[in-house]
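Chemist: This structure is in C-alpha cells; I'll ask about it shortly.
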Amino acid sequence: MDRDTTLAETVRLREAGRRDEAREQLVALAERFPRDAEVAYQAAWVHDTLGLEAEAVPYYERALEEAGLSEDDRRGALLGLGSTYRILGRYEDAVATLAGAAADFPDDGALKTFLAMALYNTGRTHDAMEMLLTLLASTSSAPGISDYRPAIEHYAKDLDATM
C-alpha cells in the first residue's frame, strides 16, 4: 500500500477501536516517512489513545517540527503534546506549549482548559482560576452562569476582590 492508503487505513483502525493494529502500521509508516508531519501526528495520537504518552512525545514533536499539518491538525498536535507533557509531569513544558497554542488559537476553549490544568500543576493557581472562570463566563449559556456573568468576570481577575 502507498502512504495515503496506509495512513487512511490506520485512521480507520484507530477510529474502530483497533488501536494496537493502527499503532503497528503507523510506527512502520513513520519509519518509512520520518519527515512526514501528518504521519507523525497520527502516530502520536494513536500512542496517546493507548496510554503510551512517553512514546507519543517524539511523534508530536516531529509533527510540529515538520511542515505539512493543517491548522486543525497543528492545533490538535499542540493540545496533544501539551497535555502529554502535563501527564508526564513536565509541567513547565506543558505550560509553554499550551500557552503558545492558546495564543495562536485564542478561541479554542480546550487549549485554555488544558493550560489552566498545567498552570495549576506549576502552582499558578490564580492564573488557572482566572483562565477557567473567564472561559466559563464567556462560553456558558447556563442560566445560573449567564445571570452572574459580570460578577464571575470581575472575580476572575481577582478572587480576593470585593464588589
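Chemist: If you scan the stretch 26-64, which residues turn out to be of a type in the set (S, T, Y), within 14 Å of V11 (Cα to Cα) and modelled with pLDDT of 95 or more?
Modeler: Of everything in the stretch 26-64, just one residue is of a type in the set (S, T, Y), within 14 Å of V11 (Cα to Cα) and modelled with pLDDT of 95 or more, namely Y41.
Chemist: Residues E31, E55, E61: which one is assigned to a helix (DSSP H, G or I) and either of a type in the set (S, T, Y) or farther than 14 Å from Y85 by Cα (or both)?
Modeler: Selected residue: E31, the only one of E31, E55, E61 that is assigned to a helix (DSSP H, G or I) and either of a type in the set (S, T, Y) or farther than 14 Å from Y85 by Cα (or both).
Chemist: Also: For the stretch 135-160, which residues satisfy the criterion of being part of a helix (DSSP H, G or I) and either in contact with a Phe, Trp or Tyr (Cβ under 9 Å, 6 or more places away or on another chain) or in contact (Cβ under 8 Å) with a residue 24 or more places away in the chain (or both)?
Modeler: Within the stretch 135-160, L135, A137, T139, A156, K157 meet the criteria.
Chemist: In the set G82, G76, G68, G100, which member is assigned to a loop (DSSP other than H, G, I, E, B), within 30 Å of F33 (Cβ to Cβ) and touching a residue at least 12 places away in the same chain (Cβ under 8 Å)?
Modeler: Result of the check over G82, G76, G68, G100: G68.
Chemist: Of all residues being in a helix (DSSP H, G or I) and either of a type in the set (F, W, Y) or touching a Gly at 6+ places or on another chain (Cβ under 9 Å) (or both) in the stretch 103-132, which is nearest to D72 (Cα to Cα)? Just the residue, please.
Modeler: L111
Chemist: Of the conditions (1) among the small types (G, A, S); (2) at pLDDT below 95; (3) on the phi > 0 side of the Ramachandran plot, A67 satisfies every one except a single condition; which number is it?
Modeler: Unmet condition: (3).
Chemist: Taking the condition of being within 20 Å of R14 (Cβ to Cβ), buried (at least 18 other Cβ atoms within 10 Å of the Cβ) and aliphatic (A, V, I, L, M), how many residues in the stretch 65-108 meet it?
Modeler: 5
The values are calculated or read from the model by the stated rules, or taken from the named source; none is laboratory data. For clarity, every value in this text was computed on a predicted model and none was experimentally measured. Neighbour counts are summed over all protein chains in view; Cβ atoms, including those assigned to glycine, are modelled from backbone coordinates with ideal geometry.
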